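Structure, as structure tokens:
The values are calculated or read from the model by the stated rules, or taken from the named source; none is laboratory data. For clarity, every value in this text was computed on a predicted model and none was experimentally measured. Using ideal geometry, Cβ is built from the backbone for each residue, glycine included, and neighbour counts are taken over all protein chains shown. Keep in mind that these areas ignore ligands, DNA and RNA; they rest on the heavy atoms of the full protein, side chains included. Shrake-Rupley method; radii C 1.70, N 1.55, O 1.52, S 1.80 Å.
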Amino acid sequence: QVQLVESGGGLVQPGGSLRLSCAASGIIFSIYSMGWYRQAPVKQRELVATISSGNIINYADSVKGRFTISRDNAKNTVYLQMNSLKPEDTAIYYCLAQKFLSPDYWGQGTQVTVSS
């Protein structure tokens, strides 16, 4: 049974930082591309950042220079370090595991709220 469990969300003031974690089980983590997506109220889910099995990284333009994605294959965990947070970063953040010719696996999401 595949499980992706996100943690680290919460309420933070503008300009603050949070670090999200996504712990995976039930998959061979090292061969999966991992990603973070987010969905704000009444908006579509959007890509935030991805990291491939070979550590090729991609960011949405809106988070470049502020967010950093990383992975620890020994811990089956992907991270999202979020700095200089803005109110428009408020959303539910989801973790995604992808591999060619395999189903996509999503986590349950973690709420991030940026507000003073």
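Across the stretch 1-54, the volume of the C-alpha convex hull divided among the residues equals 117 Å³ per residue.
Expressed as a whole percentage, what fraction of the accessible surface of the chain belongs to carbon and sulfur atoms when a 1.4 Å probe is rolled over the protein heavy atoms?
Values: 3090 of 6190 Å².
Accessible surface attributable to carbon and sulfur in the chain totals 50 percent.
Note on S52 and S70: the model spin-label points, each 7 Å out from Cα along the C-beta direction, lie 2.1 nm apart. Taking every protein chain into account, the accessible area of the stretch 27-116 amounts to 53 square angstrom per residue (probe 1.4 Å). Springs between Cα atoms under 10 Å define the GNM used for the chain, and in it the highest mean-square fluctuation of K64, K86, K43 occurs at K43.
To the nearest 20 debye, what is the magnitude of the charge dipole of the chain about its Cα centre, counting +1 on the Cβ of each Lys and Arg and -1 on the Cβ of each Asp and Glu?
Working: 10 positive and 7 negative charges, 19 e Å.
Dipole about the Cα centre, nearest 20: 100 debye.
Considering only the chain, what is the antiparallel percent among its DSSP beta bridges, to the nearest 5?
Values: 37 of 40 bridges.
Expressed as a percentage, antiparallel bridges in the chain total about 90.
I want the local charge near N83. Using Cβ-Cβ distances under 10 Å, sum +1 for each Lys or Arg and -1 for each Asp or Glu among the other residues.
On the way: positive: R19, R66; negative: none.
Combined, the nearby Lys, Arg, Asp and Glu give +2.
Counting only lysines at least 8 places from K64 when in the same chain, those with an alpha carbon closer than 23 Å to its own are K43, K86.
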